[in-house]
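Visitor: Once you've had a glance at the structure underneath, I'll fire off some questions.
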């Protein structure tokens, strides 16, 4: 196998779900994150923020959003929010995984506060 063939084989996008085999879609999506910044992005660019399970990948999140909200995401971005230590403040930010879901302009997710 040549080097070029190895690179082409490595570049094939993986469409396999990992966490959906172990958990239900309701266990993968914990809930929406609603702040002033996320609310503005919902209105302007139709992006929604969700707190998701640590073991989930983009494919799991995409399938869970399709199942729960009956919309098809265009794009899924994932951010690992790191643990923030306690220095001079009393609160500690726990680590979690955050998903940013981009939808079509015609699609919308109703989020209840």
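Visitor: Closer than 14 Å to residue 109 by Cα, surrounded by 10 or more Cβ atoms within 10 Å (Cβ to Cβ) and in contact with a strand residue (DSSP E or B) (Cβ under 7 Å, 6 or more places away or on another chain): does that describe residue 78?
Guide: Details: closer than 14 Å to residue 109 by Cα: no; surrounded by 10 or more Cβ atoms within 10 Å (Cβ to Cβ): yes; in contact with a strand residue (DSSP E or B) (Cβ under 7 Å, 6 or more places away or on another chain): yes.
The answer is no for residue 78.
Visitor: Oh, and also: Residues in segment 90-101: is at least one in contact with a helix residue (DSSP H, G or I) (Cβ under 7 Å, 6 or more places away or on another chain) and at negative phi? Lay out the reasoning, then the answer.
Guide: To start, the set of residues in segment 90-101 that are in contact with a helix residue (DSSP H, G or I) (Cβ under 7 Å, 6 or more places away or on another chain) comprises 99, 101.
Add one more test, that the residue is at negative phi, and what stays is 99, 101.
Yes, because at least one residue in segment 90-101 is in contact with a helix residue (DSSP H, G or I) (Cβ under 7 Å, 6 or more places away or on another chain) and at negative phi.
One line per residue, one yes/no per condition, for (1) free of Cβ contacts under 8 Å to residues at least 12 places away in the same chain; (2) exposed (fewer than 10 other Cβ atoms within 10 Å of the Cβ):
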| site | (1), (2) |
| --- | --- |
| 6 | yes, no |
| 12 | yes, yes |
| 18 | no, no |
| 21 | yes, yes |
| 24 | yes, no |
| 38 | yes, no |
| 45 | no, no |
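Read-outs throughout are calculated quantities, based only on the coordinates presented, and are distinct from any laboratory measurement. This one's a predicted model, so the numbers in the text were calculated from it and none came from an experiment. FYI the Cβ positions are ideal-geometry reconstructions off the backbone, even for glycines, and counts take in every protein chain you see.
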